[in-house]
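Working notes, beginning with the structure itself.
The values are calculated or read from the model by the stated rules, or taken from the named source; none is laboratory data. Just so it is clear, the structure is predicted and the values come from calculations on it, not from any experiment. Neighbour counts run over all protein chains shown; Cβ positions are idealised from the backbone, glycine included.
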Amino acid sequence: MASPWWKNASIYQIYPASFKDTNDDGIGDLPGIFSKLDYIQSLGVDAIWICPMYDSPQYDMGYDVSNYENVYTPYGTVADVEQIIKACHERGLRILLDLVVNHTSHQHAWFKESRSSKSNPKRDWYIWRPAKYDTNGNRQPPNNWRSIFGGSAWEFDGETEEYYLHLFAVQQPDLNWENDETREAIYKSAVTFWLDKGIDGFRVDTVNMYSKRSFSDAPVVNAEHEFQPAHTLYCNGPRIHEYLREMGQILSKYNAVTVGELPGTPEIADVLSYVSATEKQLSMVFQFDVVDIGMGEPRFNTTPQNWTLPDLRARIAQTQALAGTDGWCTSFLENHDQARSISRLGDHETPENWLLSAKLLAMMTTALSGTLYIYQGQEIGMINAPDDWDISEYKDLDSLNWYKFIKDTTDNNPTALKKAKQALTHLARDHARIPMQWDDTANAGFTTESAKPWMRVHDNYAELNVKEQEADSNSVFQFWREALRLRKSLPDVFAHGIFRDTDPSHESVFIFEKVGESQELLVLLNFTTETKSVDLAAKFGDKLPAASIKNYEDEPIEVLRPLEGRVYLLEK
Ligand code: TEU
Ligand code: CA
């Protein structure tokens, strides 16, 4: 059987609110996406994935869906989505939507019914539990789980005097997948409604949390905190594979592709249980190993640049280990939940280092095996918000909850608040949500000059934008285009090759091989801003072949210059 289209594909992720505004309300929209399809196609990708555009009160930027079968009014209409589907297919682009079915919004009609009374037929569609009482008779949540956005994972509902579970925000109650009717309703409303409109598949949000393992207390890992991380109790529960096989049967009727998000799953055997081809559950998954680098427990409890190269390469090896199994992996460094990769892993202090870093990371990402994902703005090397932006510029509830938590628990301690702000400057999801930089006009061409963008435009848009880079043959954009073109033309080594790290403990130069059936890649990446010696003569003698991708003009045999990267293609 021929390899499916998505194995040798690059997929471009779009965040609707921040991509392109066409009606001057400062919020990106579906007509904006439609207007940029030529641009997306010019990058050379095979498909787009659009983050949630469903109706939603937007507590979590659309990951709180109040109606799966309708579109958030400021983004447009169902007809606008249909127009995009048609336009993509006319261009030979595929289109994925986001499937968010671990939870709904608290505004969803299902939840409104569920919370209305204990005897409501939809009561059991969500996860309700009675309160616990401590020895003093004080009401407590059913267990000590911490929500992913901070605080208890349970919310007390005065109406019926029970708690409901929300692994994410209070406004995102978890659906009860144990209930057969609930699953049926999810498949019909969130899945087939859109597959019938012709989409090619889904990115599946938090795909491993539908079956909870148990509701017992999580072990105390941080005694200072009231609530504890509980991934091991709510991820990868006993019925998860049964559910995904069930949903997989529907998806396979449409020949739909899926990429599931797999947090809290470091074991490769567990990963394989979702993506093994014989399982027919998911086409591929996003492992979190690489993007979680440098994060603390909780996420923002860390200091900037808290990572080493051996740590990064171990994480990459971990995700690349799927190559060669009957599962399939993905290569990505960014999405709407991650700060910008150049700011995290590269150096954006000078324009020279920024350019080198952007290309270095593009080389690494494109050279790794699996389906490649690129997030809007990554193709032009967008970076984190400047350090001096005030906390009031941050909009994400995850960032704001953390800042408030530190404020409240330290009694406004300035040192603690400074540390919290530094962590956000480095890792907040907000950085990825800064409006797309199209040109050098006011508001970066994201919206008109007189409009007020929903999130502040980056200070650097006059120098860093699409228009400028389309015209510059040495730009980050042109570099990505060329790298994606080469990757696509050589699936044997790029998408399918077997990854081998040549020296996992090396602290400054990352050298890895990719072995295909008839060819090999040798990838050299200097992650430091110093010149480093390398022993290429041992491999090549004095006949160094020309690198296929590189970020410096010439190629000395004995050194890699600051942030230098090269990809050599070798015949076996
Ligand atoms: O994210 C799930 C997830 O586990 C993390 O990426 C999470 O956002 C992060 O740890 C919080 O700091 C998905 C979506 O990608 C994210 O945007 C949503 O907020 C979340 O699910 C809830 O739907
Ligand atoms: Ca708009």
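As a summary of the residue check, Glu267 satisfies the conditions (1) out of contact with any helix residue (DSSP H, G or I) (no Cβ under 7 Å at 6 or more places or on another chain); (2) modelled with pLDDT of 95 or more except for the one numbered (2). Is there any pair with a first residue in segment 336-352 that is in contact (Cβ under 8 Å) with a residue 12 or more places away in the chain and a second that is acidic (Asp, Glu) and within 16 Å of ligand 1 (Cβ to nearest atom) whose Cβ atoms are under 8 Å apart and which are 6 or more apart or on different chains, and what are they? Close Cβ pairs satisfying both conditions: Arg340/Glu334; Ser341/Glu334. Under the condition of being more than 18 Å from Ala190 (Cα to Cα), assigned to a loop (DSSP other than H, G, I, E, B) and within 16 Å of ligand 1 (Cβ to nearest atom), the residues counted in segment 226-283 number 10. Exactly one residue among Thr371, Thr325, Thr366, Thr330 is under 17 Å from Phe527 (Cα atoms) and in the same structural domain as Ile40 (by TED's automatic domain parsing), and that residue is Thr366. Scanning segment 404-444 for residues that are in contact (Cβ under 8 Å) with a residue 60 or more places away in the chain and small (Gly, Ala, Ser) turns up Ala420, Ala423, Ala428, Ala432.
Could you check segment 402-414 and list, in sequence order, the residues that are within 16 Å of ligand 1 (Cβ to nearest atom) and surrounded by fewer than 16 Cβ atoms within 10 Å (Cβ to Cβ)?
The answer is Lys404, and nothing else.
Filtering segment 31-56 to residues that are within 13 Å of ligand 2 (Cβ to nearest atom) and in contact with a Pro (Cβ under 7 Å, 6 or more places away or on another chain) leaves Ile33, Met53. For segment 159-182, residues that are modelled with pLDDT of 95 or more, in a loop (DSSP other than H, G, I, E, B) and either under 20 Å from Lys118 (Cα atoms) or of a type in the set (Lys, Arg) (or both) total 11. What strands (runs of 3 or more DSSP E) lie completely within segment 472-572 and have 2 or more residues being surrounded by 14 or more Cβ atoms within 10 Å (Cβ to Cβ) and without any contact (Cβ under 8 Å) to a residue 40 or more places away in the chain? Of the strands (runs of 3 or more DSSP E) lying wholly inside segment 472-572, those with at least 2 residues that are surrounded by 14 or more Cβ atoms within 10 Å (Cβ to Cβ) and without any contact (Cβ under 8 Å) to a residue 40 or more places away in the chain span 509-515.
Yes or no: segment 201-209 includes at least one residue that is aromatic (Phe, Trp, Tyr), under 23 Å from the mean Cα position of the chain (by Cα) and within 17 Å of Lys188 (Cα to Cα).
From segment 201-209, those aromatic (Phe, Trp, Tyr) are 202; that's our starting set.
Cutting the leftovers down to under 23 Å from the mean Cα position of the chain (by Cα) gives us 202.
Next, only the ones that are within 17 Å of Lys188 (Cα to Cα) stay: 202.
Yes: one or more hits.
Checking the conditions here, which among Tyr68, Tyr59, Tyr75, Tyr63 is aromatic (Phe, Trp, Tyr) and within 16 Å of ligand 2 (Cβ to nearest atom)?
Within the list Tyr68, Tyr59, Tyr75, Tyr63, the selection yields Tyr75.
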